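J.: Questions regarding the structure given below will be posed in turn.
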Amino acid sequence: MKIGIIGGSGLYNLKELEKEEKIQIDTPFGKPSSDFLTGEVHNIPVVFIPRHGVGHVLLPTEIPFRANIWGLKKLGVSHLISVGAVGSLKEEIKPGHMVFPDQFIDLTRHRNSTFFGNGVVGHVQFGDPVCSMLCEKLLQSAQKIKATTHLGGTYICMEGPAFSSRAESLLYRSWGADVIGMTNAQEAKLAREAEMAFASIALATDYDCWHVSESEVNVEDIIKVMHENVETARRIIVETLKNLPLDFPNSQQDSLKFALITEKSKIPQKTKNDLELLLSKYLD
């Protein structure tokens, strides 16, 4: 077992990481957001990467999602925890609360969310995007440190970088969605194709713009709440790793077993080479 952690807005490192080593990886999908940091937390092997790069220099649409997930896979990650700020679409999810979403609606338009293509076709099952076992461990840790939590819920993934219009925000509420962010859908989809168990900690920072009794969302207010949320998320992760057994199962270790459709003989050699890390056990 090796745990991957993708840090979102405000979470740019993990100070509890011991035996830290910085690793640079080039991938078939370009350069990742930054170098990877490897090490251990409570004797659990960990790989960390900040999705927006060091200093928060990448827009959500500019994030090299495929390179990040491919690099994590290359470094042996089997379980992936994604941390990110979100807007709340429900009254009961207040700024400062922790949400563990289990569904996604992907409204992005300008991103590549799959490793497939270039001569190979595959379709993974995605009905349940989140590993319930990993999510439960995160929830238990959050409750132990007395964070206010919400288990389950739908995450709207929007393109950004502008926040929602009020009409959009009200539409998403009418769908019954719980939170809105700009990054998680791609990470969840690519993690599934990379056969990683995936879970998300969504940090509610604001009420988007639907909440008429609140002022319209702005970056300054978000940052204030975000700093408190990030510290809570960090404590949740550390507590989870402290209590995670080394033989914790990977619920998605065979998620590509029935996904490939293309005849092996028809897959171009370059594509085979690029995807060997993901597909080798199915192409032998």
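Quick note: the coordinates plus some simple rules give every number you see, no bench work behind them. Owing to the predicted nature of the structure, the values given are computational and were not obtained by experimental measurement. Using ideal geometry, Cβ is built from the backbone for each residue, glycine included, and neighbour counts are taken over all protein chains shown.
J.: Could you work out Rg/(2.2 N^0.38 Å) for the range 135-284, with Rg from alpha carbons only?
T.: Values: Rg = 19.8 Å, N = 150, 2.2 N^0.38 = 14.8 Å.
That ratio works out to 1.34.
J.: With N set to the number of residues, divide the alpha-carbon radius of gyration of the chain by 2.2 N^0.38 Å and report two decimals.
T.: Dividing the Cα Rg of the chain by 2.2 N^0.38 Å gives 0.98.
J.: Neighbouring Cβ atoms within 10 Å as the yardstick, rank Tyr207, Tyr155, Tyr12, Tyr282 fewest first.
T.: Tyr282, Tyr12, Tyr207, Tyr155
J.: Follow-up question, since we're still on this one. Applying the Karplus parametrisation 6.51 cos²θ - 1.76 cosθ + 1.60 with θ = phi - 60° to the phi angles of the range 254-262, what ³J(HN,Hα) value in whole Hz is obtained for each residue in order, glycine and proline being reported as x?
T.: Result, ordered by residue: 10, 5, 9, 4, 10, 8, 6, 10, 4 Hz.
J.: Still on this structure, please answer the following. Going by how many other Cβ atoms sit within 10 Å of their own, how do Val57, Val238 line up, fewest first?
T.: Val57, Val238
J.: Per DSSP H run of n ≥ 4, the term is -39500 (n - 2.57); total these for the chain, divide by its residue number, and report the mean residue ellipticity at 222 nm rounded to 500 deg cm²/dmol.
T.: Details: 7 runs with 80 residues, N = 284.
Helices in the chain give a 222 nm mean residue ellipticity of -8500 deg cm²/dmol.
J.: Under 18 Å Cα-Cα from Lys144, which lysines qualify once same-chain neighbours fewer than 8 residues away are excluded?
T.: Lys242
J.: With the cut-off at 27 Å, tell me which of the pairs Lys90/Lys146; Lys19/Lys257; Lys19/Lys281 have Cα atoms farther apart than that.
T.: Over 27 Å apart, Cα to Cα: Lys19/Lys257; Lys19/Lys281.
J.: If the cut-off is 19 Å between C-alpha atoms, which aspartates and glutamates fall inside it for Lys15, apart from same-chain ones fewer than 8 positions away?
T.: Cα-Cα hits under 19 Å: Asp35, Glu40, Glu228, Glu231, Glu239.
J.: Provide Asp208, Asp221 in ascending order of the number of other Cβ atoms located within 10 Å of each residue's Cβ, fewest first. Each step should come with its number before you reach the end.
T.: Working: Asp208 25, Asp221 15.
Fewest-to-most ranking of Asp208, Asp221: Asp221, Asp208.
J.: Turning to a different aspect of this structure: Out of Val130, Ser141, Tyr155, whose Cα points farthest toward the positive end of the dipole of the range 109-160 (charges: +1 Lys, Arg; -1 Asp, Glu; placed on Cβ)?
T.: Highest projection toward the positive end goes to Ser141.
J.: Once R0 is set to 22 Å, what does the formula 1/(1 + (r/R0)^6) return for the Cβ-Cβ distance between Ile145 and Ile223, expressed as a FRET efficiency to the nearest 0.05?
T.: FRET efficiency, Ile145 to Ile223: 0.50.
J.: Based on Cβ point charges of +1 for Lys and Arg and -1 for Asp and Glu, what charge dipole magnitude is obtained for the chain about its Cα centre, in debye rounded to the nearest 20?
T.: The dipole magnitude comes to about 640 debye.
J.: Along each of the three principal axes of the Cα atoms of the range 59-107, give the extent in whole Å, ordering the values from largest to smallest.
T.: Sorted from largest, the Cα extents of the range 59-107 read 41, 23, 19 Å.
J.: Just want to confirm a number: the relative contact order over the chain, from Cα pairs under 8 angstrom separated by 6+ residues, in percent.
T.: Reported as a whole number, the value is 25 percent.
J.: Report Rg/Rh for the range 46-192, rounded to two decimals, where Rg is the Cα radius of gyration and Rh the Kirkwood radius.
T.: 0.95
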